[in-house]
1. Look through segment 1-24, keep the residues that are more than 26 Å from Glu167 (Cα to Cα) and out of contact with any Gly (no Cβ under 9 Å at 6 or more places or on another chain), and return whichever of them is modelled with the lowest pLDDT.
2. Being under 30 Å from Thr130 (Cα atoms), within 23 Å of the chain's Cα centre (by Cα) and among the acidic types (Asp, Glu) is the requirement here; does Glu48 meet it?
3. Given the structure, is Ala83 farther than 23 Å from Tyr311 by Cβ and aliphatic (A, V, I, L, M)?
4. Which ones in segment 297-315 are touching a residue at least 60 places away in the same chain (Cβ under 8 Å) and more than 13 Å from ligand 2 (Cβ to nearest atom)?
5. Residues being farther than 20 Å from Pro179 by Cα, of a type in the set (Lys, Arg) and either in contact with a Phe, Trp or Tyr (Cβ under 9 Å, 6 or more places away or on another chain) or without any contact (Cβ under 8 Å) to a residue 12 or more places away in the chain (or both): count how many of those fall in segment 25-60.
6. Given the criterion among the aliphatic types (A, V, I, L, M) and within 14 Å of ligand 1 (Cβ to nearest atom), identify the matching residue among Ala98, Ala121, Ala78.
7. Which residue, of Ala100, Ala187, is away from ligand 2 (no atom under 16 Å from the Cβ) and closer than 19 Å to Gly84 by Cα?
8. Could we say that Ala199 is among the hydrophobic types (A, V, I, L, M, F, W, C), assigned to a helix (DSSP H, G or I), at negative phi and modelled with pLDDT of 95 or more here?
Amino acid sequence: MRILGIETSCDETAAAIYEGNDGRGRILAERIASQIEIHARFGGIVPEIASREHLAALPDMVDEVMDEAGLAWDGVDAIAVTAGPGLMGALLVGISYARAVGRVSGIPVLPVHHMEGHLFAPGLSNELPTFPFITLLVSGGHTMLIRVDGLGRYTLLGQTVDDAAGECFDKSARLLGLPYPGGPAIATLAVDGDAGAIALPRPMLRRDNLNFSFSGLKTAVLHAANALKDGDEQGRHNLAAAVQQAIADVLVGKAVQACRSENVSDLVVAGGVAANHLIRGQLLDVAEKASIRVHLPAPAHCTDNAAMIAYAGFLRRQAKTPIPVHWDAYPRWPLSSLS
Ligand code: KG4
Ligand code: ZN
């Protein structure tokens, strides 16, 4: 079965082809075009510009992946497209394109939940763990702990009560004068820093629940940044290292706590923040001591991409999930509403 995946929910235009059989498979071709530089001069993502850029990039990108995979349309069994959550106009570009091609070529088009794509992304490079497993989903807009009992069987165990972990990286980066996306920028600055030189809080870490809060940490970073003297480069490195370490401690601590409280020994960590090397290393260390198996996507498949959308589409087709007769773009779409 070959699935074309299309992702246009935010500021990356992406297309990929996944070929799979009986739970195994491989990516035949994939492309991503980031709009980060275009939005950078506005200090954030401009939805209208994002839609126009998707429209300009997507058709040629799909042609390229089809060529690289050596496929004509009759070689594609389904088109999986991100239907939400995301920016309304941006989602509609991918959906309209997918529907047009689907209609002309007689290929079924299925709506994929962006976070379900992130959630199963480790399956792109390794075998997925057997159910149940715990997933820590950490992206720019979400920080959630989910118990996964099967495809579409998701129980939300905890989530952030304010900012997402990625948002905390992004806002802290801005306070340090670094560009968007803040995660990679902080990680680079942190390399020469001493995380122990500046004390920052680990919000909610010792609480007896699985929720997160990052706004207090962001405020602490603001105060620490203001306290830095002009030209104190080492201080900036230290602050970057300190905030990265604080976020890592909270995420790793809560993920292990979730596995323990649910008595589950497989942990998937996915979403853009899961690309962070410190977090990946710390997760593997701590989990090993706690006898938890950690499953991570390759760093390139942690951030937004279309291979994960194609793969989620593949899992849905393989499970013979019926495609809804009517579906739309869903800017807000709770993962727990899937079945
Ligand atoms: O999953 P994603 O690509 O897009 C959303 O669906 O939100 O996640 C983007 C987020 C941004 O906040 C970005 O700063 C963060 O992931 N991120 C990282 C790293 N790479 C991306 N955070 C920490 N370390 C990284 N290496
Ligand atoms: Zn994402």
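1. Looking at the filtered set, the residue picked out is Asp22.
2. No.
3. Spelling it out, it is not the case that Ala83 is farther than 23 Å from Tyr311 by Cβ and aliphatic (A, V, I, L, M).
4. Those that are touching a residue at least 60 places away in the same chain (Cβ under 8 Å) and more than 13 Å from ligand 2 (Cβ to nearest atom): Ala298, Ala310, Tyr311, Gly313, Phe314, Leu315.
5. Number of matching residues: 2.
6. Of the residues listed, the single one that is among the aliphatic types (A, V, I, L, M) and within 14 Å of ligand 1 (Cβ to nearest atom) is Ala121.
7. Matching residue, one of Ala100, Ala187: Ala100.
8. no
The values are calculated or read from the model by the stated rules, or taken from the named source; none is laboratory data. Just so we're clear, the structure is a prediction, and the values are computed from it rather than from any experiment. A quick note on method: Cβ atoms are made from the backbone with ideal geometry, for glycine too, and the neighbour counts reach across all protein chains shown.
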